[in-house]
Amino acid sequence: MRAEIVAVGTELLLGQIANTNAQWMSEHLAEIGVDVVHHQVVGDNHERIAEAIRLAGSRADVVVVSGGLGPTEDDITREAIAAVLGVGMVRHPEIEDRLREKFAAFGRGRMSANNLRQADVPEGATIIAPLRGTAPGLVVEIGATRLYAVPGVPAEMMEMMNDVIVPELRDRAGDGVVRSTVLGCTGIGESRVAEILLDLFESSENPSLAYLATSGEVKVRLTAKAGSAAEADALIAPLADEVRRRLGDAVFTTVGESLEGAAGRLLLAAGETIACAESLTGGSVGARITEVPGASAYFLGSAVAYTAEAKHALLGVSRETIAGPGVVSEACAREMAIGARRIFGAHMGLALTGAAGPEPHDGAPAGTVWIALDAGERSHAAGYRWQVERDRVRRWAEQAGLDLVRRYLEGRELPAGDLVA
(Lines give C-alpha, C1' and ligand atoms only; values in the text may rest on other atoms or scores of the structure.)
Protein backbone atom coordinates (compact mmCIF):
# COMPACT_ATOMS: atom_id res chain seq x y z
CA MET A 1 0.00 0.00 0.00
CA ARG A 2 1.40 3.38 -1.08
CA ALA A 3 0.77 6.49 1.00
CA GLU A 4 1.39 10.19 0.54
CA ILE A 5 1.48 12.86 3.24
CA VAL A 6 0.38 16.42 2.51
CA ALA A 7 1.26 19.02 5.13
CA VAL A 8 -0.70 22.28 4.97
CA GLY A 9 0.60 25.52 6.41
CA THR A 10 2.40 28.59 5.12
CA GLU A 11 4.46 28.58 8.33
CA LEU A 12 6.09 25.36 7.13
CA LEU A 13 7.13 26.94 3.84
CA LEU A 14 8.52 29.99 5.65
CA GLY A 15 10.65 27.76 7.85
CA GLN A 16 8.98 29.04 11.02
CA ILE A 17 8.30 25.49 12.21
CA ALA A 18 9.64 22.09 11.21
CA ASN A 19 7.45 19.49 9.54
CA THR A 20 7.67 17.04 12.44
CA ASN A 21 4.16 15.71 11.77
CA ALA A 22 5.26 14.16 8.47
CA GLN A 23 8.25 12.54 10.15
CA TRP A 24 6.09 11.04 12.91
CA MET A 25 3.41 9.82 10.49
CA SER A 26 5.94 8.27 8.12
CA GLU A 27 7.58 6.36 10.95
CA HIS A 28 4.30 4.96 12.25
CA LEU A 29 2.95 4.09 8.82
CA ALA A 30 6.16 2.24 7.97
CA GLU A 31 5.77 0.15 11.13
CA ILE A 32 2.54 -1.34 9.74
CA GLY A 33 3.89 -1.97 6.25
CA VAL A 34 2.55 1.15 4.53
CA ASP A 35 5.06 2.61 2.06
CA VAL A 36 5.16 6.41 2.23
CA VAL A 37 6.28 7.32 -1.28
CA HIS A 38 5.85 11.11 -1.31
CA HIS A 39 5.67 14.14 0.98
CA GLN A 40 4.17 17.46 -0.07
CA VAL A 41 4.10 20.79 1.77
CA VAL A 42 1.65 23.45 0.61
CA GLY A 43 0.73 26.89 1.94
CA ASP A 44 -2.67 28.16 3.03
CA ASN A 45 -4.01 28.66 -0.47
CA HIS A 46 -7.27 27.04 -1.61
CA GLU A 47 -6.23 26.30 -5.19
CA ARG A 48 -2.79 24.95 -4.27
CA ILE A 49 -4.16 22.73 -1.51
CA ALA A 50 -6.72 21.27 -3.93
CA GLU A 51 -3.99 20.77 -6.54
CA ALA A 52 -1.77 18.98 -4.00
CA ILE A 53 -4.64 16.69 -2.99
CA ARG A 54 -5.46 15.83 -6.61
CA LEU A 55 -1.82 14.99 -7.30
CA ALA A 56 -1.53 12.84 -4.18
CA GLY A 57 -4.78 11.04 -4.98
CA SER A 58 -3.53 10.23 -8.49
CA ARG A 59 -0.49 8.29 -7.27
CA ALA A 60 -1.21 6.91 -3.80
CA ASP A 61 -3.62 4.46 -2.24
CA VAL A 62 -3.85 6.51 0.94
CA VAL A 63 -3.41 10.25 1.47
CA VAL A 64 -3.02 11.84 4.89
CA VAL A 65 -3.46 15.61 5.01
CA SER A 66 -2.24 17.42 8.12
CA GLY A 67 -3.28 20.95 9.04
CA GLY A 68 -5.81 23.57 7.97
CA LEU A 69 -8.80 22.22 9.94
CA GLY A 70 -8.95 24.93 12.60
CA PRO A 71 -11.41 27.83 13.09
CA THR A 72 -9.59 30.72 11.40
CA GLU A 73 -10.05 32.08 7.90
CA ASP A 74 -6.79 30.56 6.66
CA ASP A 75 -7.87 27.06 7.75
CA ILE A 76 -9.24 26.01 4.37
CA THR A 77 -8.37 22.32 4.01
CA ARG A 78 -12.04 21.35 4.42
CA GLU A 79 -13.10 23.60 1.55
CA ALA A 80 -10.24 22.38 -0.65
CA ILE A 81 -11.27 18.76 -0.09
CA ALA A 82 -14.85 19.65 -0.99
CA ALA A 83 -13.65 21.30 -4.19
CA VAL A 84 -11.70 18.18 -5.18
CA LEU A 85 -14.78 16.03 -4.53
CA GLY A 86 -17.08 18.47 -6.33
CA VAL A 87 -19.44 18.68 -3.35
CA GLY A 88 -20.69 21.39 -1.03
CA MET A 89 -20.14 21.96 2.68
CA VAL A 90 -22.69 20.67 5.20
CA ARG A 91 -23.16 21.95 8.76
CA HIS A 92 -23.19 19.07 11.30
CA PRO A 93 -25.31 19.97 14.35
CA GLU A 94 -23.68 17.27 16.49
CA ILE A 95 -20.27 18.84 15.91
CA GLU A 96 -21.69 22.27 16.75
CA ASP A 97 -23.14 20.90 20.00
CA ARG A 98 -19.82 19.26 20.87
CA LEU A 99 -17.96 22.52 20.24
CA ARG A 100 -20.28 24.44 22.56
CA GLU A 101 -19.91 21.77 25.26
CA LYS A 102 -16.13 21.86 24.99
CA PHE A 103 -15.89 25.62 25.25
CA ALA A 104 -18.25 25.62 28.21
CA ALA A 105 -15.99 23.05 29.89
CA PHE A 106 -12.94 25.19 29.12
CA GLY A 107 -14.43 27.96 31.26
CA ARG A 108 -13.19 30.69 28.94
CA GLY A 109 -16.41 32.55 28.42
CA ARG A 110 -18.33 32.87 25.16
CA MET A 111 -17.19 30.79 22.21
CA SER A 112 -16.12 32.85 19.21
CA ALA A 113 -18.49 32.36 16.27
CA ASN A 114 -15.64 31.45 13.92
CA ASN A 115 -15.21 28.15 15.81
CA LEU A 116 -18.41 26.94 14.15
CA ARG A 117 -16.49 26.70 10.85
CA GLN A 118 -15.20 23.42 12.27
CA ALA A 119 -18.74 22.04 12.11
CA ASP A 120 -18.83 22.53 8.32
CA VAL A 121 -17.82 19.32 6.58
CA PRO A 122 -17.60 18.26 2.92
CA GLU A 123 -20.79 16.44 1.97
CA GLY A 124 -20.40 12.67 2.41
CA ALA A 125 -17.31 12.84 4.61
CA THR A 126 -16.94 10.66 7.69
CA ILE A 127 -15.99 12.45 10.91
CA ILE A 128 -13.16 11.55 13.29
CA ALA A 129 -14.28 13.04 16.60
CA PRO A 130 -11.49 14.79 18.54
CA LEU A 131 -10.81 14.06 22.19
CA ARG A 132 -8.14 16.71 22.87
CA GLY A 133 -8.88 19.58 20.52
CA THR A 134 -11.90 21.00 18.75
CA ALA A 135 -11.22 20.28 15.07
CA PRO A 136 -12.72 17.01 13.76
CA GLY A 137 -10.74 14.84 11.42
CA LEU A 138 -12.18 13.77 8.08
CA VAL A 139 -12.27 10.61 5.98
CA VAL A 140 -13.29 10.71 2.31
CA GLU A 141 -12.87 8.57 -0.78
CA ILE A 142 -11.38 10.18 -3.90
CA GLY A 143 -11.93 7.50 -6.50
CA ALA A 144 -9.94 4.48 -5.31
CA THR A 145 -7.90 6.57 -2.86
CA ARG A 146 -8.81 7.02 0.78
CA LEU A 147 -8.00 10.45 2.20
CA TYR A 148 -7.67 11.25 5.88
CA ALA A 149 -7.44 14.85 7.10
CA VAL A 150 -6.17 15.51 10.60
CA PRO A 151 -5.37 18.66 12.59
CA GLY A 152 -1.88 20.12 12.42
CA VAL A 153 -1.50 20.29 16.20
CA PRO A 154 0.87 17.35 16.87
CA ALA A 155 -0.96 15.95 19.91
CA GLU A 156 -4.30 16.03 18.07
CA MET A 157 -2.77 14.47 14.95
CA MET A 158 -1.16 11.68 16.96
CA GLU A 159 -4.42 10.95 18.76
CA MET A 160 -6.34 10.42 15.51
CA MET A 161 -3.50 8.49 13.91
CA ASN A 162 -3.16 6.14 16.88
CA ASP A 163 -6.86 5.67 17.60
CA VAL A 164 -8.33 5.51 14.08
CA ILE A 165 -6.04 5.77 11.09
CA VAL A 166 -3.22 3.37 11.98
CA PRO A 167 -5.62 0.57 13.09
CA GLU A 168 -7.68 0.97 9.90
CA LEU A 169 -4.64 0.94 7.64
CA ARG A 170 -3.09 -1.98 9.50
CA ASP A 171 -6.17 -4.01 8.63
CA ARG A 172 -6.04 -2.89 5.00
CA ALA A 173 -2.29 -3.42 4.62
CA GLY A 174 -2.39 -6.99 5.89
CA ASP A 175 0.37 -8.50 7.97
CA GLY A 176 3.36 -6.82 6.32
CA VAL A 177 5.63 -4.68 8.47
CA VAL A 178 8.64 -2.51 7.78
CA ARG A 179 11.45 -2.52 10.32
CA SER A 180 14.67 -0.53 10.48
CA THR A 181 17.89 -0.81 12.41
CA VAL A 182 20.15 2.24 12.63
CA LEU A 183 23.87 1.92 13.28
CA GLY A 184 25.45 5.14 14.53
CA CYS A 185 29.05 5.84 13.52
CA THR A 186 31.45 8.62 14.47
CA GLY A 187 35.03 9.49 13.62
CA ILE A 188 34.47 8.46 10.00
CA GLY A 189 33.07 10.37 7.01
CA GLU A 190 30.02 9.44 4.97
CA SER A 191 32.07 8.96 1.80
CA ARG A 192 34.40 6.52 3.57
CA VAL A 193 31.44 4.59 5.00
CA ALA A 194 29.90 4.39 1.51
CA GLU A 195 33.19 3.17 0.07
CA ILE A 196 33.51 0.40 2.67
CA LEU A 197 29.90 -0.73 2.20
CA LEU A 198 29.58 -0.20 -1.57
CA ASP A 199 29.03 -3.84 -2.52
CA LEU A 200 26.43 -4.28 0.23
CA PHE A 201 24.61 -1.15 -0.93
CA GLU A 202 24.52 -2.36 -4.53
CA SER A 203 23.47 -5.93 -3.76
CA SER A 204 20.97 -5.46 -0.92
CA GLU A 205 17.29 -4.97 -1.75
CA ASN A 206 15.46 -6.45 1.23
CA PRO A 207 16.91 -5.39 3.56
CA SER A 208 18.01 -2.15 1.93
CA LEU A 209 20.88 0.05 3.07
CA ALA A 210 21.01 3.86 3.24
CA TYR A 211 23.15 6.60 4.79
CA LEU A 212 22.38 9.78 6.70
CA ALA A 213 25.22 12.15 7.56
CA THR A 214 24.95 14.71 10.34
CA SER A 215 27.64 16.87 11.89
CA GLY A 216 30.30 14.48 13.19
CA GLU A 217 28.15 11.40 12.75
CA VAL A 218 27.01 8.98 10.05
CA LYS A 219 23.93 6.79 10.43
CA VAL A 220 23.61 3.57 8.45
CA ARG A 221 19.96 2.55 8.17
CA LEU A 222 19.05 -1.04 7.35
CA THR A 223 15.38 -1.55 6.42
CA ALA A 224 13.49 -4.76 5.75
CA LYS A 225 9.90 -5.58 4.88
CA ALA A 226 8.39 -8.91 5.88
CA GLY A 227 5.27 -10.61 7.12
CA SER A 228 6.10 -9.97 10.77
CA ALA A 229 8.48 -7.94 12.90
CA ALA A 230 10.42 -11.06 13.81
CA GLU A 231 10.87 -12.01 10.16
CA ALA A 232 12.01 -8.50 9.25
CA ASP A 233 14.49 -8.46 12.15
CA ALA A 234 15.84 -11.81 11.02
CA LEU A 235 16.47 -10.38 7.55
CA ILE A 236 18.32 -7.40 9.00
CA ALA A 237 20.48 -9.25 11.55
CA PRO A 238 23.15 -10.76 9.23
CA LEU A 239 23.54 -7.53 7.28
CA ALA A 240 23.85 -5.53 10.51
CA ASP A 241 26.55 -7.93 11.72
CA GLU A 242 28.50 -7.51 8.48
CA VAL A 243 28.21 -3.71 8.54
CA ARG A 244 29.43 -3.62 12.11
CA ARG A 245 32.32 -5.95 11.30
CA ARG A 246 33.46 -3.75 8.43
CA LEU A 247 33.11 -0.42 10.22
CA GLY A 248 34.61 -1.71 13.46
CA ASP A 249 35.26 0.76 16.27
CA ALA A 250 33.49 3.57 14.40
CA VAL A 251 30.11 2.02 15.30
CA PHE A 252 28.95 3.28 18.68
CA THR A 253 25.38 1.97 18.64
CA THR A 254 23.11 -0.51 16.89
CA VAL A 255 19.98 0.47 18.83
CA GLY A 256 19.59 4.08 17.74
CA GLU A 257 20.94 5.73 20.89
CA SER A 258 22.89 8.98 20.82
CA LEU A 259 26.65 9.07 21.38
CA GLU A 260 26.11 10.68 24.79
CA GLY A 261 23.56 7.96 25.53
CA ALA A 262 26.07 5.25 24.62
CA ALA A 263 28.75 6.86 26.79
CA GLY A 264 26.29 7.18 29.67
CA ARG A 265 25.20 3.56 29.39
CA LEU A 266 28.84 2.45 29.58
CA LEU A 267 29.59 4.72 32.54
CA LEU A 268 26.57 3.38 34.38
CA ALA A 269 27.51 -0.23 33.66
CA ALA A 270 31.06 0.39 34.87
CA GLY A 271 29.89 2.19 38.00
CA GLU A 272 32.12 5.15 37.16
CA THR A 273 31.59 8.90 37.22
CA ILE A 274 32.81 11.67 34.95
CA ALA A 275 33.35 15.42 35.11
CA CYS A 276 34.22 17.85 32.32
CA ALA A 277 36.48 20.84 31.88
CA GLU A 278 35.42 22.81 28.83
CA SER A 279 36.89 25.75 27.03
CA LEU A 280 36.02 26.02 23.34
CA THR A 281 32.79 23.99 23.76
CA GLY A 282 31.51 26.35 26.46
CA GLY A 283 29.63 23.70 28.42
CA SER A 284 27.92 21.98 25.48
CA VAL A 285 29.47 18.57 26.25
CA GLY A 286 28.03 18.68 29.75
CA ALA A 287 24.70 19.81 28.31
CA ARG A 288 24.62 16.84 25.95
CA ILE A 289 25.49 14.40 28.71
CA THR A 290 22.66 15.72 30.89
CA GLU A 291 20.12 15.37 28.08
CA VAL A 292 20.18 11.64 28.82
CA PRO A 293 17.68 10.63 31.52
CA GLY A 294 19.44 9.38 34.64
CA ALA A 295 22.72 11.19 33.89
CA SER A 296 22.99 12.30 37.52
CA ALA A 297 24.07 8.75 38.35
CA TYR A 298 27.39 9.24 36.58
CA PHE A 299 27.85 12.92 35.64
CA LEU A 300 29.14 15.13 38.47
CA GLY A 301 29.56 18.47 36.72
CA SER A 302 31.39 20.63 34.24
CA ALA A 303 33.74 23.57 34.73
CA VAL A 304 33.61 26.06 31.87
CA ALA A 305 37.00 27.79 31.94
CA TYR A 306 37.20 30.04 28.90
CA THR A 307 40.12 32.28 29.81
CA ALA A 308 43.68 31.38 30.72
CA GLU A 309 43.18 32.81 34.22
CA ALA A 310 40.06 30.68 34.75
CA LYS A 311 41.95 27.59 33.64
CA HIS A 312 44.61 28.35 36.24
CA ALA A 313 42.32 29.40 39.09
CA LEU A 314 39.60 26.78 38.67
CA LEU A 315 41.42 23.80 37.23
CA GLY A 316 45.01 24.29 38.33
CA VAL A 317 46.55 24.62 34.90
CA SER A 318 50.12 25.69 35.64
CA ARG A 319 51.54 29.11 34.84
CA GLU A 320 54.35 27.32 33.05
CA THR A 321 51.93 25.62 30.68
CA ILE A 322 50.04 28.84 30.01
CA ALA A 323 53.25 30.75 29.33
CA GLY A 324 54.87 27.88 27.39
CA PRO A 325 52.84 25.69 25.03
CA GLY A 326 49.75 27.79 25.80
CA VAL A 327 46.10 27.11 26.45
CA VAL A 328 45.60 25.34 23.10
CA SER A 329 47.98 22.47 23.75
CA GLU A 330 48.19 18.88 24.83
CA ALA A 331 49.70 19.90 28.17
CA CYS A 332 46.83 22.28 28.92
CA ALA A 333 44.18 19.70 27.98
CA ARG A 334 45.81 17.09 30.22
CA GLU A 335 46.02 19.46 33.18
CA MET A 336 42.41 20.54 32.66
CA ALA A 337 41.28 16.90 32.71
CA ILE A 338 43.21 16.27 35.92
CA GLY A 339 41.66 19.39 37.43
CA ALA A 340 38.11 18.35 36.52
CA ARG A 341 38.60 14.92 38.06
CA ARG A 342 40.09 16.47 41.20
CA ILE A 343 37.59 19.26 41.91
CA PHE A 344 34.52 17.10 41.28
CA GLY A 345 35.89 13.89 42.78
CA ALA A 346 35.09 11.93 39.63
CA HIS A 347 36.60 8.69 38.40
CA MET A 348 37.56 10.40 35.15
CA GLY A 349 37.90 13.89 33.78
CA LEU A 350 37.29 14.94 30.17
CA ALA A 351 38.79 18.20 28.92
CA LEU A 352 38.42 20.13 25.66
CA THR A 353 40.39 23.20 24.65
CA GLY A 354 41.09 24.77 21.28
CA ALA A 355 40.76 27.58 18.82
CA ALA A 356 37.30 27.36 17.26
CA GLY A 357 38.01 30.32 15.00
CA PRO A 358 37.68 32.17 12.82
CA GLU A 359 40.84 33.80 14.25
CA PRO A 360 43.89 31.97 15.69
CA HIS A 361 44.07 31.77 19.47
CA ASP A 362 47.16 31.82 21.67
CA GLY A 363 49.35 30.99 18.72
CA ALA A 364 47.22 28.07 17.53
CA PRO A 365 45.59 28.14 14.08
CA ALA A 366 41.79 28.22 13.88
CA GLY A 367 40.36 24.71 14.00
CA THR A 368 42.98 23.36 16.43
CA VAL A 369 41.49 21.19 19.18
CA TRP A 370 43.04 19.23 22.03
CA ILE A 371 41.01 16.68 23.99
CA ALA A 372 42.23 14.81 27.06
CA LEU A 373 40.83 12.09 29.29
CA ASP A 374 42.31 11.43 32.71
CA ALA A 375 41.29 8.37 34.73
CA GLY A 376 44.04 8.41 37.33
CA GLU A 377 45.94 5.30 36.41
CA ARG A 378 45.56 6.11 32.72
CA SER A 379 45.37 9.29 30.70
CA HIS A 380 45.18 10.04 27.01
CA ALA A 381 45.20 13.08 24.75
CA ALA A 382 44.32 13.59 21.10
CA GLY A 383 44.89 16.63 18.93
CA TYR A 384 43.06 17.69 15.79
CA ARG A 385 43.14 20.46 13.22
CA TRP A 386 39.91 20.87 11.30
CA GLN A 387 39.66 23.47 8.57
CA VAL A 388 35.93 24.00 8.86
CA GLU A 389 33.65 26.74 10.17
CA ARG A 390 33.50 27.56 13.88
CA ASP A 391 30.22 25.78 14.69
CA ARG A 392 31.42 22.59 13.07
CA VAL A 393 34.72 22.69 14.99
CA ARG A 394 32.76 22.86 18.24
CA ARG A 395 30.39 20.06 17.21
CA TRP A 396 33.20 17.80 16.06
CA ALA A 397 35.03 18.47 19.32
CA GLU A 398 31.96 17.39 21.29
CA GLN A 399 31.72 14.20 19.24
CA ALA A 400 35.43 13.42 19.60
CA GLY A 401 35.33 13.98 23.35
CA LEU A 402 32.30 11.79 23.94
CA ASP A 403 33.70 9.14 21.61
CA LEU A 404 36.98 9.13 23.54
CA VAL A 405 35.00 8.28 26.68
CA ARG A 406 33.08 5.59 24.81
CA ARG A 407 36.20 3.97 23.38
CA TYR A 408 38.00 4.06 26.73
CA LEU A 409 35.11 2.32 28.51
CA GLU A 410 34.81 -0.30 25.75
CA GLY A 411 38.53 -1.02 25.93
CA ARG A 412 39.07 0.12 22.34
CA GLU A 413 42.16 1.62 20.82
CA LEU A 414 42.19 5.32 21.64
CA PRO A 415 42.64 7.82 18.79
CA ALA A 416 45.74 10.02 18.66
CA GLY A 417 44.21 12.59 16.33
CA ASP A 418 46.28 14.20 13.61
CA LEU A 419 48.56 16.49 15.64
CA VAL A 420 51.90 15.58 17.16
CA ALA A 421 52.67 17.08 20.54
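The values are calculated or read from the model by the stated rules, or taken from the named source; none is laboratory data. Keep in mind it's a predicted model, so treat the numbers as computed, not measured. Counting neighbours? That spans all protein chains shown, and the Cβs are built from the backbone with ideal geometry, glycine included. When the accessible area is computed, the model is the full protein with side chains, heavy atoms only, and any ligands, DNA or RNA have been set aside. Shrake-Rupley method; radii C 1.70, N 1.55, O 1.52, S 1.80 Å.
Worth a mention:
- Rounded D (µm²/s) - region 1-58, Kirkwood Rh over Cα pairs, Stokes-Einstein at 25 °C, 0.890 mPa s: 205 µm²/s
- The convex hull built on the alpha-carbon positions of region 311-421 has an orientation-averaged projected area of 6.7 nm².
- Projecting the Cα atoms of Ala397, Ile128, Val65 onto the charge dipole of the chain (Cβ charges, centred on the Cα centre) puts Ala397 farthest toward the positive pole.
- Kirkwood hydrodynamic radius over Cα pairs of region 96-188, then Stokes diffusion coefficient at 4 °C and 1.567 mPa s, in µm²/s: 80 µm²/s
- Probe 1.4 Å, accessible area per residue of region 30-132, Å²: 49 Å²
- Unit charges on C-beta of K, R, D, E only; dipole of the chain, Debye: 720 debye
- Hydrophobic long helices, here whole DSSP H runs in the chain with Kyte-Doolittle means of at least 0.5 and Cα atoms spread over 15 Å or more along the helix axis, are found at 259-270.
- If you take all other residues with their beta carbon under 14 Å from the beta carbon of Thr321, and give Lys and Arg +1 and Asp and Glu -1, the sum is -2.
- Solvent exposure of region 282-421 as accessible area per residue, Å², 1.4 Å probe: 45 Å²
- From the alpha carbon centroid of region 117-186 to that of region 359-421 is 47 Å.
- Carbon plus sulfur fraction of accessible area for the chain, probe 1.4 Å, in percent: 51 percent
- Cα-centre dipole for region 122-229 with unit charges at Cβ (Lys and Arg positive, Asp and Glu negative), debye to 20: 160 debye
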